[in-house]
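Participant: There's a structure below that I have some questions on.
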Amino acid sequence: MARTTPHDPPNDPPQTDAGPLYWRIASLLLDELHDGTIPPGERLPGERHLAQHFGVSRETVRQALEVLRRGGLVATDRRGSHATLPGRPVEDPVSLTFPVGARPADLGAVDRATVTWEAPPPEHAEALGLAPHRPTLMHRYRSATPDGRSLRTAVTSFSAVALAEVAELGRYRDRADGATPAQLRRAYDWMRRAGLTLHHRDAITQVGDAASVRVTRRVHDQYARPLEITDLVVNAEQDALVYEFTLPAAG
């Protein structure tokens, strides 16, 4: 059988570890596209970052992307390469976008979300049962007007349990550089697919003037193990309140 080159890729991306190195990298990227770690339409990390992530050369990454591109799984435009796989169906009515409330506050808002690997705030570490100064995966979200006025901000810290049991979250550790865009919109679905029942408890309090409120969300599983804690600050005038709800595990 003739050896396939990146200029003559197969109709289907590789599904095993056999074959050239760029095939294996294409297969790993395909796994992340299929399981939603990289959501449809989201921009992929740059070639340099992917090369560091997989421990290969940029040329190998370039060849792997070409395999996926010719298979219609990745598209490239002036924004860079992005996923084109269709998304999984939304599991109404229990499916929620992570983190709840972190979405554009108006049509002209500019959103940015990144992940880092660092020690969380002391109150987050305590809530998650982490030792002081122990790093973990942190997600930072900001929505602002085009002129820079902040509309919504959210900071989330994940527990060791969440990272160990939810494969999609664990994969973000290697790309948590604080610069690469990272949308964890389906994090709650990932947790449910891992067999976790999600218990949410949100405390909403006024911050400073009457125009801002802080939502502190704590999520734990059916075994009372903490999964994540989020501090979301929004521009809204409303009274403080606390509410709780539960999302059952998928299946």
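The values are calculated or read from the model by the stated rules, or taken from the named source; none is laboratory data. Everything quoted here is computed from the prediction, not taken from an experiment. Cβ atoms come from the backbone with ideal geometry, glycine included; neighbour counts cover every protein chain shown. Surface accessibility is based on the protein's heavy atoms, side chains included, excluding ligands, DNA and RNA. Shrake-Rupley method; radii C 1.70, N 1.55, O 1.52, S 1.80 Å.
Participant: Counting pairs of Cα atoms in the range 123-228, how many percent are more than 21 Å apart?
Facilitator: More than 21 Å apart: 42 percent of the Cα pairs in the range 123-228.
Participant: Sum up the charges of everything whose Cβ sits under 9 Å from the Cβ of Val215, counting Lys and Arg as +1 and Asp and Glu as -1, but leave Val215 out.
Facilitator: After counting each charged neighbour, the total is 0.
Participant: At 10 °C and 1.306 mPa s, grab the translational diffusion coefficient of the range 149-201 from Stokes-Einstein with a Kirkwood Rh over Cα pairs, rounded to a whole number in µm² per second.
Facilitator: In µm²/s, the coefficient rounds to 126.
Participant: Ok, one more. Leaving ligands and nucleic acids out of the surface, order Glu32, Glu59, Glu66 by accessible area at 1.4 Å, largest first.
Facilitator: Descending order: Glu59, Glu66, Glu32.
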